[in-house]
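Down below is the structure, laid out as structure tokens.
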There are 2 protein chains.
Amino acid sequence: MRRPTLEAVATRAGVSKSTVSRVVNGEATVGPDIRALVMRAVNELDYMPNPAARSLVTQRTDSIAVIVSDPPAGLVSDDPMFSTVVRAASREFEAAGKQVALMLAGTADSRLRVRQFVAAGHVDGVMLMSMHGADPLPAALAATGVPIVSHGRPAVSVDVPWVDNDNIGGAALAVRHLLDRGRRRIAMISGPLDMSAAQDRLGAYRATLRETGRRSIVAIGDFTRISGAEAMFQLLDDDPALDAVFAANDLMAIGALRALRRAGRRVPDDVAVVGYDDIEAALYTDPPLTTVRSPMGDQAVASARLLLGLLENRPMSSVVLPTELIVRDSS
Amino acid sequence: MRRPTLEAVATRAGVSKSTVSRVVNGEATVGPDIRALVMRAVNELDYMPNPAARSLVTQRTDSIAVIVSDPPAGLVSDDPMFSTVVRAASREFEAAGKQVALMLAGTADSRLRVRQFVAAGHVDGVMLMSMHGADPLPAALAATGVPIVSHGRPAVSVDVPWVDNDNIGGAALAVRHLLDRGRRRIAMISGPLDMSAAQDRLGAYRATLRETGRRSIVAIGDFTRISGAEAMFQLLDDDPALDAVFAANDLMAIGALRALRRAGRRVPDDVAVVGYDDIEAALYTDPPLTTVRSPMGDQAVASARLLLGLLENRPMSSVVLPTELIVRDSS
DNA sequence: CTGAAAGCGCTTACAG
DNA sequence: CTGAAAGCGCTTACAG
């Protein structure tokens, strides 16, 4: 019932454990006839190396942690971005023979657990997702000495390389598009200001309006649909004459569309709406949503490659990926 | 630079390794003064047990695999269900001290990798998600002897306990609701027929219509938005006079809403629409979507508990959770 | 090219 | 209640 060991294979093949180990690990220094003998024994016994025993001596685990800073309410993991990123990164890591352990770290408790897990040497590297400014995790993890990358630039300066899309350029694209369409009173629904993506998108919105001498009108959401709807109601209160709104992500834009419908405003006739991310749902809103396409999958792949490079001691630096405006009927 | 070992702690505390091990593992048989001594050394050195070494002797890994049968196109992981389930299950497992390794197994290659991973003893148990009928993975994994549960009843009979919602009851609720509203020609957009949820929902639709002497009108999708839109166009072709459609999930219902809009049909005036799942997006469609609420989070929690029970050798059996109709403006 | 031996860092009977 | 010793299943210098 117990699984076969190296020793069993060695006995069966009539060779030493060393030789079996070499064959199993693909070392070239084994004679072809002996190798064949060993392979046969391996197949007959359906042998697979015990990963714990291997890790114990190699000091590697061949697995990496993807850590998602997800509050208990599930703000992050309800975002379609979450699946896209986890999926793309998993593929990349698995192609490199690394197993992915997904960990959620939204509470103080789970942060502690995650830190312990990493510090105990469970994984060879860490990919961080959606880190808020106040989050102590990046620093705590960096202190363990394990290689780390962040998917998205961390809000506070901490010495981990990151990959992000061009939030500033993307937001500027959105606002200029609305100006080009002749919109005069362009409001923004911002994301939470302790996240760098939200900061950058808001900053670019403000800068672009300032260039043309226009005033900013801002409400803050938390990247969820419901917060987008609430922010939209507030903006309509603040400035009933607004004729456009730029939401810092598509989920909030979807919430805004609903709020505008409830308030009896037509989109785009009365109010133009632009989102950010280009999630699939943006194609299915009524009307379909104009949005900034952020290359989420590419960003995840780049993050994964960054970490894989770090694991091989290659010199690696942060990456910014370009964005693109997708014009649909909402603007 | 190397992390401290049991031995280092023992030396520092002036006791044996056995004693340190006992303290670290919370055994009660250690004198209070000695325990204090050890604890101090542990803290001073920031000691954490090496998990590989521990696993090697205990034959446990304290981690479990969540395996998602996700085709390369990402059908499953783009579904909001995916995040909800992964998140809820992760919480449950982590509360029990189990680490979660998320694995995607959509291709033959990745299925092989997953099987090897499990067979090699990387994990103590497996939770399967969204298994299609032809998928050889459940049987292959069952053969490894590792405890398995399936989130969702497997389409082919394989001896693993599962947790599912009451697909038959839920679908019947939806169809009866449409009948009660006076709808006469009720079409259905089914999910892929190699999945049990799709089979059951379609079966219940047919049975309920048959009871009242009505004909079925069915098109098949794959649970994605786009397939829902395509199926809706086909249904309109097949029966231009249809006055209601029941989609086997909300994503396809959202696609159907879009197709109906394109075809110039008003919802619910011309065609009533009902979905299944009650994902958050169902609240944000125009009009908001009537749907069957399936307790996805509860189902994930129940699946996790089922597996945890199995790991403790408790006798466990499959579970069916009740559903509920949520009536909104689309019907 | 192959093997005997040491050692990775733990846990756990077995003594006392 | 505490310790010495064996052993979990591998890899890897070191010899030959």
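The values are calculated or read from the model by the stated rules, or taken from the named source; none is laboratory data. Nothing here was measured: the structure is a model prediction, and the numbers come from that model. Cβ atoms come from the backbone with ideal geometry, glycine included; neighbour counts cover every protein chain shown. These accessible areas exclude ligands, DNA and RNA; they are computed on the full protein's heavy atoms, side chains included. Shrake-Rupley method; radii C 1.70, N 1.55, O 1.52, S 1.80 Å.
When you scan region A:112-190 for strands (runs of 3 or more DSSP E) that lie fully inside it, which ones turn up with 2 or more residues that are within 18 Å of the chain's Cα centre (by Cα)?
Once the strands (runs of 3 or more DSSP E) in region A:112-190 are filtered for at least 2 residues that are within 18 Å of the chain's Cα centre (by Cα), what remains is A:125-129, A:148-151, A:162-165.
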Scan of region B:193-222 for residues that are surrounded by fewer than 19 Cβ atoms within 10 Å (Cβ to Cβ) and part of a loop (DSSP other than H, G, I, E, B), ordered by number: B:193, B:194, B:212, B:213, B:214, B:215, B:216
Among residues belonging to region A:149-179 that are β-branched (Val, Ile, Thr) and at pLDDT 95 or above, point out the one that is most open to solvent (accessible area, probe 1.4 Å). A:168
Do we have residue B:125 as open to solvent by less than 10 Å² (accessible area, probe 1.4 Å), in contact (Cβ under 8 Å) with a residue 60 or more places away in the chain and more than 26 Å from residue B:59 (Cα to Cα) here? no
Verdict on residue B:265 being open to solvent by 20 Å² or more (accessible area, probe 1.4 Å), under 25 Å from the mean Cα position of the chain (by Cα) and not aliphatic (A, V, I, L, M): no
Pairs only if they're at least six apart or on different chains, beta carbon under 8 angstrom, first in region A:28-46 and within 14 Å of DNA strand D (Cβ to nearest atom), second at pLDDT 90 or above and open to solvent by 60 Å² or more (accessible area, probe 1.4 Å); list them, first residue then second. A:29/A:22; A:30/A:22; A:41/A:12; A:45/A:12
Applying the selection to region B:223-248, what residues are open to solvent by less than 60 Å² (accessible area, probe 1.4 Å), more than 14 Å from chain A (Cβ to nearest Cβ) and outside any strand (DSSP E or B)? B:231, B:235, B:236, B:239, B:241, B:242, B:243, B:248
Residue count, region A:279-290 (criterion: buried (at least 18 other Cβ atoms within 10 Å of the Cβ) and touching a residue at least 60 places away in the same chain (Cβ under 8 Å)): 3
Enumeration of residues in region A:12-64 that are within 12 Å of chain B (Cβ to nearest Cβ) and near DNA strand C (Cβ under 9 Å from one of its atoms): A:52, A:53, A:54, A:55, A:56, A:57, A:58, A:59
Tally, over region A:263-280, of residues that are part of a strand (DSSP E or B), within 14 Å of chain B (Cβ to nearest Cβ) and not aliphatic (A, V, I, L, M): 2
Residue list for region B:1-10, filter: away from every other protein chain (no Cβ under 14 Å) and either within 11 Å of DNA strand D (Cβ to nearest atom) or of a type in the set (Asp, Glu) (or both): B:7, B:10
Quick one: how many residues across region B:229-256 are in contact with a strand residue (DSSP E or B) (Cβ under 6 Å, 6 or more places away or on another chain), of a type outside the set (D, E, K, R) and touching a residue at least 24 places away in the same chain (Cβ under 8 Å)? 12
Looking at region B:284-308, which of the residues that are assigned to a helix (DSSP H, G or I) and among the aliphatic types (A, V, I, L, M) is farthest from residue B:330 (Cα to Cα)? B:308
Having 1 or more residues that are open to solvent by 70 Å² or more (accessible area, probe 1.4 Å) and aliphatic (A, V, I, L, M) is the bar; report the helices (runs of 4 or more DSSP H) wholly within region B:1-109 that clear it. B:32-45, B:51-58, B:80-95
Failed item, numbered, when residue A:211 is tested on (1) within 28 Å of residue A:306 (Cβ to Cβ); (2) free of Cβ contacts under 8 Å to residues at least 40 places away in the same chain: (1)
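Residue-wise test of (1) out of contact with any helix residue (DSSP H, G or I) (no Cβ under 8 Å at 6 or more places or on another chain); (2) of a type in the set (D, E, K, R); (3) assigned to a loop (DSSP other than H, G, I, E, B).
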{"residue": "A:261", "(1), (2), (3)": "yes, yes, no"}
{"residue": "A:282", "(1), (2), (3)": "no, no, no"}
{"residue": "A:310", "(1), (2), (3)": "yes, no, no"}
{"residue": "A:330", "(1), (2), (3)": "no, no, yes"}
